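Shown next, in structure tokens, is the structure this report addresses.
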Amino acid sequence: GKSSLLKAVAGLQPSGDGARVALEGRDLMGLPAHQIVEAGLALVPEGRGIFGELTVRENLMLGAFARRARADEVRNRERVLALFPRLAERLEQTARTMSGGEQQMVAIGRALMSAPEILLLDEPSLGLSPLLCGELFRALQQIRADGISVLLVEQNAKRSLAIADRGYLIENGRIVGSGIAADLARDPAVQRAYLGGAK
């Protein structure tokens, strides 16, 4: 349900009848994925989707292929390396030799190289250590502070709601709840069902 939704928004999977995705009034449904990237959406898929045989630098440069990103390629790369300093130290390292957390940094960095208006992330903390999970959520806060909207599908509901403006609860492909993230985090029913019990 949730991953399918993100893939449909990103143009990687057909959506249901009557579905509509629009960005600034432009209908994106049915457009090929590369045109959706040009429109300002970038997806970080579950499982990262990096190219293991390529270096960190090469993976990042793949994200800069979008016309919208070419003029600011150097500035975008500097921004990514400031966000993830560990990548600056490993630019010539092949991605497959990196830890899961470092690979996730590469995947997010590659998406940011396309200069998105909206960053779609599918389960970015999956399999990360608590330390790297903390780094990831701090990076997401910085991305938002830089003016990029984030649509996050994440199993770590507590951390997600802590950085989000709005939250949507999805079960079996259907939205079963939505609201201001802070309100959802305080809701006893949401706490019991998604956050490990009421406080």
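Inter-label distance, Ala182 to Ser3: 3.4 nm, where each label sits 7 Å from its Cα along the C-beta direction. Where does helix 73-83 land angle-wise versus the long Cα axis of the chain, in degrees 0 to 90, nearest 10? With rounding to tens, the tilt is 60 degrees.
Rounded to the nearest 10 degrees, the angle from helix 130-145 to the longest Cα principal axis of the chain is 80 degrees.
Find the relative contact order for the chain and round it to a whole percent, using C-alpha pairs within less than 8 Å whose residues are 6+ positions apart. List each step's numbers first, then the result.
Details: 285 pairs, mean separation 39.1, N = 199.
It rounds to 20 percent for the chain.
Sorting check: for 109-116, 88-95, 36-43, which peptide has the highest mean count of neighbouring beta carbons within 10 Å, and how do the rest follow?
Numbers: 109-116: 24.0, 88-95: 14.9, 36-43: 22.2.
The most tightly packed comes first, giving 109-116, 36-43, 88-95.
Among rounded, prolate and oblate, which fits segment 157-199 when a ≥ b ≥ c are the square roots of the eigenvalues of its C-alpha gyration tensor, a/c under 1.5 means rounded, and a/b larger than b/c means prolate? It is oblate, given that a/c is not under 1.5 and a/b is not larger than b/c.
Bear in mind that the values in this text are calculations on the coordinates, not laboratory data. Predicted model, so just to flag it, every value in this text is computed and none were measured. Note that each Cβ is placed from the backbone with ideal geometry, even for glycine, and that neighbours are counted across all protein chains shown.
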